[in-house]
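The values are calculated or read from the model by the stated rules, or taken from the named source; none is laboratory data. Worth saying up front: this structure is predicted, and the values here are computed from it rather than measured. All Cβ positions, glycine included, derive from the backbone under ideal geometry; neighbour counts span all protein chains shown. Protein only, heavy atoms only, side chains kept; ligands, DNA and RNA dropped before computing areas. Shrake-Rupley method; radii C 1.70, N 1.55, O 1.52, S 1.80 Å.
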Amino acid sequence: MNRKTINKNTNIAELIEQNPEMNDVLYEYGLYCGDCYAAGYDTLEAGAMSHGLEEDEIEELIQELNKKVVKKK
């Protein structure tokens, strides 16, 4: 995941497993996915939509996650 771009189809559990610090960004958007069983099969888009985020907010979330990956390298 570190070398791939994060997108709306990224699996939440894989993202957190490979980049635990991403939980901080997810929390900022109201996604408390770290301990959620649904993270194992939810994509970022599906998880965000289930928590009431709009399309523009989802895009913003994905941009923030990708910025964090770039900083990490």
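Key figures for this structure:
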{"read-out": "Residues of region 37-73 satisfying the condition of being open to solvent by less than 90 Å² (accessible area, probe 1.4 Å), assigned to a loop (DSSP other than H, G, I, E, B) and either in contact with a Gly (Cβ under 8 Å, 6 or more places away or on another chain) or aromatic (Phe, Trp, Tyr) (or both)", "value": "GLY52, LEU53"}
{"read-out": "Test for ILE6: is it in a loop (DSSP other than H, G, I, E, B), surrounded by 12 or more Cβ atoms within 10 Å (Cβ to Cβ) and touching a helix residue (DSSP H, G or I) at 6+ places or on another chain (Cβ under 7 Å)", "value": "yes"}
{"read-out": "Residues satisfying the stated conditions in region 37-58, i.e. free of Cβ contacts under 8 Å to residues at least 12 places away in the same chain and over 16 Å from ASN9 (Cβ atoms)", "value": "TYR37, GLU54, ASP56"}
{"read-out": "Criterion violated by ALA39 - all others in (1) modelled with pLDDT of 90 or more; (2) within 11 Å of the chain's Cα centre (by Cα); (3) aliphatic (A, V, I, L, M) satisfied", "value": "(1)"}
{"read-out": "Odd one out for LEU53 among (1) under 14 Å from ILE6 (Cα atoms); (2) out of contact with any Cys (no Cβ under 6 Å at 6 or more places or on another chain); (3) of a type in the set (A, V, I, L, M, F, W, C); (4) at pLDDT 95 or above", "value": "(1)"}
{"read-out": "Criterion (part of a loop (DSSP other than H, G, I, E, B), among the aromatic types (Phe, Trp, Tyr) and either free of Cβ contacts under 8 Å to residues at least 24 places away in the same chain or touching a Cys at 6+ places or on another chain (Cβ under 8 Å) (or both)) met by exactly one of TYR27, TYR32", "value": "TYR32"}
